[in-house]
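This report refers to the structure that appears directly beneath it.
The values are calculated or read from the model by the stated rules, or taken from the named source; none is laboratory data. Everything numeric in this text was worked out from a predicted model, so none of it was measured. Every residue, glycine as well, gets a Cβ built from its backbone with ideal geometry; the counts of neighbours run over all protein chains shown.
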């Protein structure tokens, strides 16, 4: 079945460092790919998405490119801030209206001032 | 737009009692809502898919008699944890699908349930 694998955390970086969180997926058809962010004590917020190969999703300085050839959707940010500290979930949804969202295990990111 | 609310945000109940959690889509109609459970420092586990006007579809291993789901309108779904026990303590998150414009899911802020 469909699945999402993302790098284990926690990831600890200094402010202004470059961030990469790896995510790869296994799916049939043409899934949509998502990154969600969860701040402490809160629900999930959609950070960015890409619905077809070579699409680049971007938001708040974060970017991820849908790479079908490597089945990847790595999250990147050029200069992280303390406020980016959160848990990040990579996810996919199949290409039918009945598709569920499959989540990765989540990566906890901590940014030091 | 596309806001989903949950009520209550936190609830503490005694073992053996039942607790109802509401999930509302505030500015759109949601024919499908989803209920997830999240254990500390873990990912979301889909519990059930709730379709307006019909019975919910539960994931394997989720007890339908324990986690009662009702989706009575296009903007409201409820999850009732019956005869709660301490092991039911968790973070419950709902999401709603706006099928009018896309198949994207919008998530509620979550409800933290503590059973004492």
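Taking the criterion of being in a strand (DSSP E or B) and farther than 19 Å from residue B:105 by Cα, would at least one residue in region A:80-94 satisfy it?
Step one: list which residues in region A:80-94 are in a strand (DSSP E or B), which gives A:86-93.
Restricting the remaining residues to those that are farther than 19 Å from residue B:105 by Cα gives A:86.
Looking through region A:80-94, at least one residue is in a strand (DSSP E or B) and farther than 19 Å from residue B:105 by Cα.
Quick check: anything in region A:80-91 farther than 23 Å from residue B:34 by Cβ, surrounded by 15 or more Cβ atoms within 10 Å (Cβ to Cβ) and under 12 Å from the mean Cα position of the chain (by Cα)? Spell out how you get there, then give the answer.
Here is the first cut: in region A:80-91, the residues farther than 23 Å from residue B:34 by Cβ are A:80-85.
Narrowing the set further to residues that are surrounded by 15 or more Cβ atoms within 10 Å (Cβ to Cβ) leaves A:80, A:84-85.
The next check asks that each one be under 12 Å from the mean Cα position of the chain (by Cα); those that pass are none.
Checking region A:80-91: not a single residue is farther than 23 Å from residue B:34 by Cβ, surrounded by 15 or more Cβ atoms within 10 Å (Cβ to Cβ) and under 12 Å from the mean Cα position of the chain (by Cα).
Residue by residue through region A:36-52, note down the ones that are surrounded by 19 or more Cβ atoms within 10 Å (Cβ to Cβ) and over 14 Å from residue A:67 (Cβ atoms). Step through it out loud before you land on a result.
The first filter runs over region A:36-52 and keeps only residues surrounded by 19 or more Cβ atoms within 10 Å (Cβ to Cβ), leaving A:36-38, A:43-44, A:47-50.
Result: A:36, A:37, A:38, A:43, A:44, A:47, A:48, A:49.
Hey, which of the strands (runs of 3 or more DSSP E) in region B:25-116, taking only ones fully inside, have at least 2 residues that are at pLDDT 90 or above and more than 14 Å from chain A (Cβ to nearest Cβ)?
Of the strands (runs of 3 or more DSSP E) lying wholly inside region B:25-116, those with at least 2 residues that are at pLDDT 90 or above and more than 14 Å from chain A (Cβ to nearest Cβ) span B:67-73, B:76-81.
Residues in region A:95-113 that are part of a strand (DSSP E or B) and within 14 Å of another protein chain (Cβ to nearest Cβ): how many?
Of the residues in region A:95-113, 7 are part of a strand (DSSP E or B) and within 14 Å of another protein chain (Cβ to nearest Cβ).
What do you reckon, is residue B:21 touching a residue at least 12 places away in the same chain (Cβ under 8 Å) and more than 14 Å from chain A (Cβ to nearest Cβ)? Walk me through it before giving the result.
On the way: touching a residue at least 12 places away in the same chain (Cβ under 8 Å): yes; more than 14 Å from chain A (Cβ to nearest Cβ): no.
So residue B:21 does not fit the description; no.
Just the residues that are closer than 14 Å to residue A:109 by Cβ and either assigned to a loop (DSSP other than H, G, I, E, B) or at pLDDT below 95 (or both), please, taken from region A:46-72. Before the answer, list the steps.
The first filter runs over region A:46-72 and keeps only residues closer than 14 Å to residue A:109 by Cβ, leaving A:47, A:60-62.
Passing the criteria: A:60, A:61.
Here are some conditions: (1) more than 12 Å from chain B (Cβ to nearest Cβ); (2) under 30 Å from residue B:99 (Cβ atoms); (3) modelled with pLDDT under 95. Residue A:75 meets all but one. Which one does it not meet?
Every condition holds for residue A:75 apart from (3).
Just checking, how many residues over region B:40-50 are at negative phi and over 14 Å from the mean Cα position of the chain (by Cα)? It would help to see each step written out before you state the result.
Here is the first cut: in region B:40-50, the ones at negative phi are B:40, B:42-50.
From what's left, over 14 Å from the mean Cα position of the chain (by Cα): B:40, B:42-43.
Count: 3.
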